[in-house]
Amino acid sequence: MVELYANAIVNGLLIGAIYALVATGLNIIFGVMRVVNFAHGEMVVIGMYIGYACWQFLGLPPWMSVLVAMIAMFAAGYVFQRAIGNEFVDQPQHVQFVLYIGLALAITGLHAIIFGPDPRGIQSAASFATYRVGPLRIDATRLHAAAAALVIVFGLWAWLRYSLTGKAMHAAAENLTGGKAIGIRITHIFALTAGIGMACAGTAGALIAPLYDTNPYLSSEFTLTAFIIVIGGGLASLPGALVGGLLIGVSEALAAVMISPSAKSFVSYCLLLIVILVRPQGLFSARRTGR
């Protein structure tokens, strides 16, 4: 029994690291632009389909499809923000909601048209590899995906903290008017932010693709999970996204073992309610100033 729970916790931490990457992308977009991207889950599914397409049609290994998804989603996010998204940043929130909900529905429809409703999975010899560490049996693909997600998250944190562009993004997030006054190109920063946020989601999707079969209707699940993590961890807080992702991953894994697999979402929502009641600003609230 102890071995069962230990394996569940380890697997929960591994999937939680990928959740953290998804939530990090959502947090960056909200933290800089104050825009809630309701199409974030669709970006994850796009990454999953990129991973599947690279494996099925191009014969690329999964790790290479992750690079393809990262580059493609960054470019798509940047272009979308420059062409359309920047026009909506200063619009009322309900107008922004309509834009991103409409985008989400359009993407889901395109997935269904192009790939059909049937699940698409990546299966290879590597999918069955495991590591044995004492009583633990660790899925190799899941471990590699989690390690890659953590490297990306910490690398992104370092880049945002120490690079000039990262500091410009922080400045725009803290005081938009002040950022404009000192010459920061806000339209470029917003487009870069959207590109990074969507690249995080797409990369996470490519990392998940070998673990779960892809279908067009997974997006709402990823969107809800990302929102639970972001709200529970703290809006615009990158440490909150990491801790929240790991917490949700472990809670879902334990709920699947102790109750039933269908109880995963129930436990996540309960944790969110507890955090909201005890600490409404989230576990790690970020300091925010006005626009």
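Remarks
- Test: residue in the range 42-50 that is open to solvent by less than 20 Å² (accessible area, probe 1.4 Å), in contact with a Ser or Thr (Cβ under 9 Å, 6 or more places away or on another chain), of a type in the set (A, V, I, L, M, F, W, C) and farther than 23 Å from ALA140 by Cβ: yes
- Residue match in the range 187-197 (condition: assigned to a strand (DSSP E or B) and of a type in the set (Phe, Trp, Tyr)): no
- Residues being of a type in the set (Gly, Ala, Ser) and under 16 Å from LEU13 (Cα atoms) - total across the range 129-147: 4
For (1) without any contact (Cβ under 8 Å) to a residue 60 or more places away in the chain; (2) of a type in the set (Lys, Arg); (3) more than 23 Å from GLY155 (Cα to Cα), each residue gets a yes or a no:
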position	(1), (2), (3)
ALA8	no, no, yes
LEU14	no, no, no
ALA23	no, no, no
LEU26	no, no, no
VAL35	no, no, yes
GLY41	no, no, no
TRP55	no, no, yes
LEU60	yes, no, yes
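- Residues (open to solvent by 30 Å² or more (accessible area, probe 1.4 Å) and not small (Gly, Ala, Ser)) located in the range 164-183: LEU164, THR165, LYS167, HIS170, GLU174, ASN175, THR177, LYS180, ILE182
- The set of residues in the range 200-224 that are under 29 Å from ALA168 (Cα atoms) and either open to solvent by 10 Å² or more (accessible area, probe 1.4 Å) or of a type outside the set (A, V, I, L, M) (or both) comprises CYS200, GLY202, THR203, GLY205, THR223.
- When ASP90, ASP118 are checked against the criterion of being touching a residue at least 40 places away in the same chain (Cβ under 8 Å) and loosely packed, with under 14 Cβ neighbours inside 10 Å, ASP118 stands alone in meeting it.
- Within the range 51-82, tally of residues that are modelled with pLDDT under 95 and surrounded by fewer than 24 Cβ atoms within 10 Å (Cβ to Cβ): 13
- The residues of the range 239-259 that are open to solvent by 30 Å² or more (accessible area, probe 1.4 Å) and within 13 Å of the chain's Cα centre (by Cα) amount to a single one, LEU246.
The values are calculated or read from the model by the stated rules, or taken from the named source; none is laboratory data. Just so it is clear, the model here is predicted, and its values are computed rather than measured. A quick note on method: Cβ atoms are made from the backbone with ideal geometry, for glycine too, and the neighbour counts reach across all protein chains shown. With ligands, DNA and RNA removed, areas are computed over all heavy atoms of the protein, side chains included. Shrake-Rupley method; radii C 1.70, N 1.55, O 1.52, S 1.80 Å.
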